[in-house]
Amino acid sequence: MTDAIACRHLSKSYSGVVALDDFSLRAPEGEVTGLVGPSGSGKTTALRLIAGFERPDHGSVEVAGETVVDESTFVPPEQRSVGMVFQDFALFPHMAVGANVAYGLPKGAGRGGRVADVLAMVGLAGMEKRMPHELSGGEQQRVALARALAPSPAVELLDEPFSNLDAPQRERVRREVRGILIEARATAIFVTHDQEEALAVSDVLAVMRDGRVLQTAAPHDLYRKPADRWVARFLGEGEFVAGTVTGGIVDTPLGRFPVDTPLTGPVEVLIRPEHVRLTEDAGGAALVVEREFYGHDQLVTLHIDGGRRLLARAGPDTIFSPGDHARFEITEVVVFEAASSPQPPAPSQTG
Ligand code: ADP
Ligand code: MG
């Protein structure tokens with residue numbers, strides 16, 4: 001598969017603050033590459049370097065096979081074939097929808113047609129004359145996307161595009177936007193700090209921390225096989241217990257489980273809530289201490305052996321309430337190198 005974007009060993013500091021540190025990322029053509037990490041992990045900086053709003057201290061960026069920045073090259077933003085959608089939509093408030101979308105298009109006969117086509121693509125056919133303030137937040141966001149798509153850039157960069165939308169709207173708009181990107185066969189880099197959004201929207205997902213990419217994989221592979229404890233914790237709920245691996249079996253205080261791992265000896269074991277099956281049972285070993293009900297399911301906090309915490313996800317039909325007892329069965333676990341054992345040397349640390 002061809003890469004629409006290839007970032008290699010990018011670094012960037014702002015007066016001593018390291019924003020990016022040996023950041024490498026490839027965005028395959030025609031796919032949505034997610035970039036997720038906590039606030040301050042360098043996501044926006046990465047997009048700004050790709051778009052050319054900023055120069056890296058080191059490293060290079062290729063767009064559609066062409067080097068747009070390295071030690072001896074700097075292609076200005078308007079020549080990079082990169083579209084951007086920002087968190088705050090940034091529509092021109094005094095310009096109608098049609099003029100907003102036409103903004104980045106060369107003047108010429110095909111312009112009106114292209115505007116009509118991309119508006120239809122985002123589900124706003126015939127809305128050229130509307131003013132931004134006459135649209136809902138979700139519609140404004142789709143206009144911003146139409147404007148970014150209009151010149152057919154090699155890649156769309158979306159920086160937390162849904163953060164200004166409220167929760168129910170947000171899920172709907174993100175589903176629509178993913179549909180639009182797929183229909184347009186667009187290549188996109190989608191940035192968010194929300195792990196659930198990242199897992200839902202991305203074809204490939206890169207997890208960032210402190211200016212670096214920790215792991216890149218398809219969302220389901222990342223979730224099931226996180227490279228380390230931090231990634232595991234960032235992507236979802238779960239509890240860690242100590243264990244010991246011998247011959248493909250991990251022995252823990254909560255039972256023995258088969259594992260697929262090259263590790264042997266002491267490890268840490270992650271138990272995800274969806275891998276704990278609960279059954280109502282007054283004589284069961286688990287005591288329910290807390291329950292959050294979400295409608296489609298519930299997250300139940302248990303105490304085992306009078307104190308060890310365990311989280312379980314259960315369907316909505318049997319309600320587990322604090323004080324209830326239940327039987328539990330663990331169906332799957334993930335193991336990590338024990339935190340106390342020596343860590344492998346970090347690759348090419350600077351400073
Ligand atoms: P994210 O988008 O993941 O929240 P950013 O890329 O915005 O992270 O920021 C990464 C780090 O770089 C943060 O510590 C931030 O404070 C710092 N930073 C970003 N831009 C600037 C700037 N223009 N001047 C100084 N520090 C900056
Ligand atoms: Mg940001």
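Derivation of every value follows stated rules applied to the coordinates shown; laboratory data play no part. Only a predicted model underlies this, so the values are computations on that prediction, with no experimental measurement involved. Quick reminder, even Gly has a Cβ in these numbers, built from the backbone with ideal geometry, and neighbours come from all protein chains shown.
Observations on the model:
- Viscosity 0.692 mPa s, temperature 37 °C, Stokes-Einstein D of segment 1-143 from Kirkwood C-alpha radius, µm²/s: 191 µm²/s
- Across the alpha-carbon atoms of segment 82-206, the computed radius of gyration and Dmax are 13.8, 44 angstrom.
- Share of alpha-carbon pairs per 10 Å distance bin for the chain, given as whole %: 5, 21, 25, 22, 16, 9, 2, 0
- Exposure proxy for F190, F320: other Cβ atoms within 10 Å of each Cβ, ordered fewest to most, give F320, F190.
- Cross-link partners of K12 among lysines, defined as those whose alpha carbon lies under 26 angstrom from its own and excluding same-chain residues fewer than eight positions apart: K43.
- The amide H of G83, built 1.01 Å from its N in the peptide plane, has V155, E156, L157 as neighbours under 5 Å, considering only residues 5 or more places off or on other chains.
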